[in-house]
Amino acid sequence: MELRVNRKTKFLQLNTVRTVCCFCGEGTPSEEIDHLPSRACFDNRQFPDCFEFPTCKVCNESTKGEERVIALLSRVDSNPEAPAKPDEIGRYMAGVANNNQNVFGEMAQGYGRVKDGHGSVGLGNATDRAFISVLRRWAKAFHYRETGAIVPTNGRICVTYFSNANAMQIPSGAIDGRVHELTRNRNNIGDQFSYIIRIDPNCSALGYYTVAFRRSFLAIMMIDFHGAVILEDQSN
């Protein structure tokens, strides 16, 4: 008799670390696989290889609504050689309009025309909260991916982001570090997503990560387990 094990079970049982949720910081057993950044951010949901994370059900559901917002905003400005798909933009726009009405209201209120026929959308407090909550989860996931360490409940996280409208304010050091070549089934998806890390291989308590989606936004995330660099937990 052959015993078949589904992919989720195989992933979670591959080693002892994956039996614990990498987001809680409390040793909660993992029950599901989370894909971060969300599959919705990528064309045809083709997310990069090796960006799967063990999670409990509560953590897996914690930012579903916010991830819908990021999926839309990740497509605001793309490489002309690999433009975002109009049908996907429309689908996520409708999803935000129906389920994230505060965010959609901010976008609509700030809608306008800028040079070269391009449009603009508004980003307000509700959008900012969505960004921050998603980026904090990304920070934990990326740190787990690179170090195998789970951020403790009292660990400190600092995140910030820049839209294409304020890209000139991005710190010059934000793009320093090791740039990963991202693929899906051997197909390069670097035209959609960029991923840069700065970590000390001898210290899993600190991590610095930069990601960018298309030409839409760039985000910077920092992890500090013990408050050696981040004096207080902050996101701005």
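The values are calculated or read from the model by the stated rules, or taken from the named source; none is laboratory data. Please read all numbers here as calculations on a predicted model, not as lab measurements. Note that we place each Cβ from the backbone using ideal geometry, even for glycine, and neighbour counts take in every protein chain shown.
Numerical summary
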{"quantity": "Among the residues listed as 175, 199, 170, the single one being more than 21 Å from residue 144 (Cβ to Cβ), at pLDDT below 95, in contact with a Ser or Thr (Cβ under 7 Å, 6 or more places away or on another chain) and not acidic (Asp, Glu)", "calculated": "175"}
{"quantity": "Check on residue 206, closer than 21 Å to residue 232 by Cβ and crowded, with 18+ Cβ neighbours inside 10 Å", "calculated": "yes"}
{"quantity": "Residue list for segment 25-39, filter: of a type outside the set (Ser, Thr, Tyr) and crowded, with 20+ Cβ neighbours inside 10 Å", "calculated": "34, 36, 37"}
{"quantity": "Hey, residue 189 surrounded by fewer than 21 Cβ atoms within 10 Å (Cβ to Cβ), over 13 Å from the mean Cα position of the chain (by Cα), among the β-branched types (Val, Ile, Thr) and at pLDDT 90 or above or not", "calculated": "no"}
{"quantity": "Test for residue 166: is it loosely packed, with under 15 Cβ neighbours inside 10 Å, in contact with a helix residue (DSSP H, G or I) (Cβ under 9 Å, 6 or more places away or on another chain) and free of Cβ contacts under 8 Å to residues at least 12 places away in the same chain", "calculated": "no"}
{"quantity": "Matching helices (runs of 4 or more DSSP H) fully within segment 1-120 where at least 1 residues are among the polar types (S, T, N, Q) and at pLDDT 90 or above", "calculated": "57-61, 86-99, 101-109"}
{"quantity": "Residue satisfying condition, being on the phi < 0 side of the Ramachandran plot, among the basic types (Lys, Arg) and in contact with a Phe, Trp or Tyr (Cβ under 6 Å, 6 or more places away or on another chain), within set 198, 178", "calculated": "198"}
{"quantity": "Tabulated pairs, segment 179-205, first touching a residue at least 12 places away in the same chain (Cβ under 8 Å) and closer than 30 Å to residue 227 by Cβ, second part of a loop (DSSP other than H, G, I, E, B) and of a type outside the set (A, V, I, L, M), C-beta under 7 angstrom, 6+ apart or interchain", "calculated": "195/180; 196/177; 197/177; 198/176; 198/177; 205/225; 205/226"}
{"quantity": "Condition check for residue 227: small (Gly, Ala, Ser) and buried (at least 18 other Cβ atoms within 10 Å of the Cβ)", "calculated": "no"}
{"quantity": "Single unsatisfied condition, residue 183 versus (1) hydroxyl-bearing (Ser, Thr, Tyr); (2) surrounded by 15 or more Cβ atoms within 10 Å (Cβ to Cβ); (3) within 17 Å of residue 142 (Cα to Cα)", "calculated": "(2)"}
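Here's the yes/no breakdown for (1) farther than 26 Å from residue 20 by Cα; (2) part of a loop (DSSP other than H, G, I, E, B); (3) at pLDDT below 90; (4) of a type in the set (A, V, I, L, M, F, W, C):
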residue	(1), (2), (3), (4)
153	no, yes, no, no
195	no, no, no, no
215	yes, yes, no, no
222	no, no, no, yes
